[in-house]
Amino acid sequence: MKADARTKSARPAPPEFFSPQVSEARRFYLDLSPAKKTALAVVCGGSERCQPDYRIQRTSFPFLSIEFVARGHGTLRLRQQKHALQAGSVFCYGPGIPQQIATDPADPLVKYFVDFAGTRALPLLREAKLAPGTFLQLAAPGEVRGVFDELIRNGLKAGRHTPRICATLLELLVLKVAE
């Protein structure tokens with residue numbers, strides 16, 4: 001479904017890569033086609049409570065992405081390496097990075113995600129040692145979850161400064177993960 005071209009304020013349809021295998025979601029999307037010269041742009045993000053049959057299998061993804069597990073269990077295959085997902089798991093992927101994510105049907109995942117692009121995006125991730133293909137297990141995930149919640153609150157607003165606020169919160173998120 002396309003947005004009505006007659007209305008400048010109309011938002012485009014949600015991205016096709018949003019999974020329908022969720023029982024509850026708080027998602028936002030901003031500019032799904034950021035300009036190539038943009039320094040740092042959040043494309044979309046949110047939180048999802050996965051259904052017991054949740055499974056994602058991709059050979060690539062159009063944007064850089066960070067995912068964070070708040071609750072539940074599952075498995076992740078990232079660049080042919082298998083990881084156990086649990087509260088505090090963080091991983092990053094992007095273009096050219098195959099990923100498979102599956103929830104444990106007995107304890108479905110509740111996870112957060114943010115997708116982004118820009119000329120500063122990859123250098124920021126590399127500086128924080130969170131390059132695409134990286135998996136980390138955080139010992140104290142509370143602050144990271146708090147930044148994700150703030151990112152979602154702001155992403156759902158349609159304010160003039162929303163894109164810039166979200167880009168700033170993304171940078172904070174990456175630094176909190178690195179810390």
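The values are calculated or read from the model by the stated rules, or taken from the named source; none is laboratory data. Being a predicted model, the structure only gives us computed values, none of them experimental. Methodologically, a virtual Cβ is constructed for each residue, glycine included, from the backbone with ideal geometry; neighbour enumeration extends over all protein chains shown. Accessible surface is based on the protein model in full, side chains and every heavy atom, while ligands, DNA and RNA are left aside. Shrake-Rupley method; radii C 1.70, N 1.55, O 1.52, S 1.80 Å.
Quick rundown of the values:
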{"read-out": "Breaking point among (1) among the basic types (Lys, Arg); (2) open to solvent by less than 10 Å² (accessible area, probe 1.4 Å); (3) within 28 Å of LYS36 (Cβ to Cβ), for ARG164", "value": "(2)"}
{"read-out": "Hits in the range 107-129 (condition: assigned to a loop (DSSP other than H, G, I, E, B), out of contact with any Leu (no Cβ under 6 Å at 6 or more places or on another chain) and either of a type in the set (Asp, Glu) or crowded, with 22+ Cβ neighbours inside 10 Å (or both))", "value": "PRO108, LEU109"}
{"read-out": "Residues of the range 130-144 satisfying the condition of being assigned to a loop (DSSP other than H, G, I, E, B), within 21 Å of ARG77 (Cβ to Cβ) and in contact with a Gly (Cβ under 7 Å, 6 or more places away or on another chain)", "value": "PRO132, LEU138"}
{"read-out": "1 or more residues open to solvent by 10 Å² or more (accessible area, probe 1.4 Å) and polar (S, T, N, Q): qualifying strands (runs of 3 or more DSSP E) within the range 45-93", "value": "55-58, 74-78, 81-85"}
{"read-out": "Output for the range 41-96, where each listed residue is of a type outside the set (A, V, I, L, M), more than 18 Å from PHE148 (Cβ to Cβ) and touching a residue at least 40 places away in the same chain (Cβ under 8 Å)", "value": "GLN51, PRO52, ASP53, TYR54, ARG55, GLN57, ARG58, PHE61, PRO62, ARG79, GLN81, HIS83"}
{"read-out": "Residues of the range 1-33 satisfying the condition of being open to solvent by 80 Å² or more (accessible area, probe 1.4 Å) and at pLDDT below 65", "value": "MET1, LYS2, ALA5, ARG6, LYS8, SER9, ARG11"}
